[in-house]
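Written below as structure tokens is the structure these notes are about.
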Amino acid sequence: MIQAVIFDWAGTTVDYGCFAPVQAFIEAFRQFGVEPTMEETRTPMGLLKKDHIRTMLGMERIARAWRQVYGRKAGEADVEAIYAQFEPGLLSILEQFTAPKPHVCEAAAALRDMGVRIGSTTGYTDAMMEIVAPCAARQGYAPDLWLSPDSVGGLGRPYPYMIFENMRRLGVSSVKNVLKIGDTVSDMQEGVNAGVWTAGVIEGSSALGLSEEEFSALPPEEQEARCREAARRFREAGAHFVLRTLADTPRLAAFLGG
């Protein structure tokens with residue numbers, strides 16, 4: 001049976017479309033004369049934030065733009081400098097992006113009625129989660145546990161250690177009894193590397209990259225096309241299942257427990 005569901009945070013359970021970190025990353029790179037695209041910024045989403053910056057700096061177009069500005073390849077000191085801009089920028093706006101997504105509170109309540117524990121992992125740091133978690137709780141969503149990469153020696157996604165630490169603290173007996181749900185490729189990799197059941201959620205995800213208003217405004221055929229593309233990316237990253245919304249979570253947990 002499923003003993004625990006481990007959710008991601010931004011883009012999965014809060015911050016529809018995962019906009020807080022995107023906004024902060026783009027602004028941090030702008031401070032250094034480089035303008036990343038939305039797609040470039042979202043591609044590494046879910047990683048430890050410094051790893052996210054390293055990945056962006058390694059992208060061909062961004063690396064070329066950096067060389068044009070500075071006449072050299074970006075190095076580790078540049079990662080630290082960008083992060084020094086990114087972190088306070090994100091901390092200053094995080095509280096605005098903590099509202100639970102549709103169906104999250106209902107899904108959590110249904111899982112608890114089934115006797116399922118609710119854990120969570122994130123690419124945010126402890127300092128960031130100390131803003132996000134209390135704000136989300138005041139709005140109705142509070143998992144039994146949250147862990148950041150700080151809890152596992154900085155070894156965030158795609159490493160599996162945040163999931164393993166969730167299992168240890170929640171008293172889960174086997175990876176076969178865990179369902180991980182997230183909204184990015186790195187979430188899928190985290191779940192696969194841990195050997196747990198892994199599912200991607202589409203609506204409100206970073207993979208889809210749209211606000212609720214933007215998604216609702218699309219013609220139905222365009223909605224379906226974009227959802228199919230997000231699902232394809234999740235499956236290619238190893239997802240066992242793809243959910244349209246988190247309303248399907250209790251049903252999936254029951255199916256896996258059956």
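The values are calculated or read from the model by the stated rules, or taken from the named source; none is laboratory data. Nothing here was measured: the structure is a model prediction, and the numbers come from that model. A quick note on method: Cβ atoms are made from the backbone with ideal geometry, for glycine too, and the neighbour counts reach across all protein chains shown. These accessible areas exclude ligands, DNA and RNA; they are computed on the full protein's heavy atoms, side chains included. Shrake-Rupley method; radii C 1.70, N 1.55, O 1.52, S 1.80 Å.
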- Message: Test of understanding: among 203, 214, which residue is open to solvent by 20 Å² or more (accessible area, probe 1.4 Å) and touching a helix residue (DSSP H, G or I) at 6+ places or on another chain (Cβ under 9 Å)?
- Response: 203
- Query: Would you say residue 83 is in contact with an Asp or Glu (Cβ under 9 Å, 6 or more places away or on another chain) and over 17 Å from residue 13 (Cα atoms)?
  - Reply: no
- Mind listing whichever residues of segment 236-255 are farther than 11 Å from residue 201 by Cα and part of a helix (DSSP H, G or I)? 236, 250, 251, 252, 253, 254, 255
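Where residues in segment 124-152 are aliphatic (A, V, I, L, M) and either open to solvent by 10 Å² or more (accessible area, probe 1.4 Å) or touching a His at 6+ places or on another chain (Cβ under 8 Å) (or both), which of them is nearest to residue 165 (Cα to Cα)? Spell out the reasoning first.
From segment 124-152, those aliphatic (A, V, I, L, M) are 127-129, 131-133, 136-137, 142, 145, 147, 152; that's our starting set.
In the following step, the residues that additionally are either open to solvent by 10 Å² or more (accessible area, probe 1.4 Å) or touching a His at 6+ places or on another chain (Cβ under 8 Å) (or both) were identified as 127, 131, 133, 137, 142, 145, 152.
Values: 127: 19, 131: 21, 133: 18, 137: 22, 142: 18, 145: 10, 152: 8 Å.
The qualifying residue nearest to residue 165 (Cα to Cα) is 152.
Before we move on, is residue 253 open to solvent by less than 40 Å² (accessible area, probe 1.4 Å) and under 18 Å from the mean Cα position of the chain (by Cα)? Talk me through it step by step, then tell me what you get.
On the way: open to solvent by less than 40 Å² (accessible area, probe 1.4 Å): yes; under 18 Å from the mean Cα position of the chain (by Cα): no.
For residue 253, the condition - open to solvent by less than 40 Å² (accessible area, probe 1.4 Å) and under 18 Å from the mean Cα position of the chain (by Cα) - is not met.
Yes or no, residue by residue, for (1) open to solvent by less than 30 Å² (accessible area, probe 1.4 Å); (2) among the polar types (S, T, N, Q); (3) in contact with a strand residue (DSSP E or B) (Cβ under 6 Å, 6 or more places away or on another chain):
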{"site": "47", "(1), (2), (3)": "yes, no, no"}
{"site": "50", "(1), (2), (3)": "no, no, no"}
{"site": "53", "(1), (2), (3)": "yes, no, no"}
{"site": "65", "(1), (2), (3)": "yes, no, no"}
{"site": "71", "(1), (2), (3)": "no, no, no"}
{"site": "91", "(1), (2), (3)": "no, no, no"}
{"site": "112", "(1), (2), (3)": "no, no, no"}
{"site": "119", "(1), (2), (3)": "yes, no, yes"}
{"site": "122", "(1), (2), (3)": "yes, yes, no"}
- Could you run through segment 174-230 and say how many residues are polar (S, T, N, Q), part of a helix (DSSP H, G or I), closer than 21 Å to residue 249 by Cβ and touching a residue at least 24 places away in the same chain (Cβ under 8 Å)? 3
- Exactly one of 165, 130 is out of contact with any helix residue (DSSP H, G or I) (no Cβ under 9 Å at 6 or more places or on another chain) and free of Cβ contacts under 8 Å to residues at least 24 places away in the same chain, and that one is 130
- Task: Give, as residue ranges, the helices (runs of 4 or more DSSP H) completely inside segment 59-150 that count at least 1 residues that are under 26 Å from residue 5 (Cβ atoms).
- Result: 104-113, 126-138
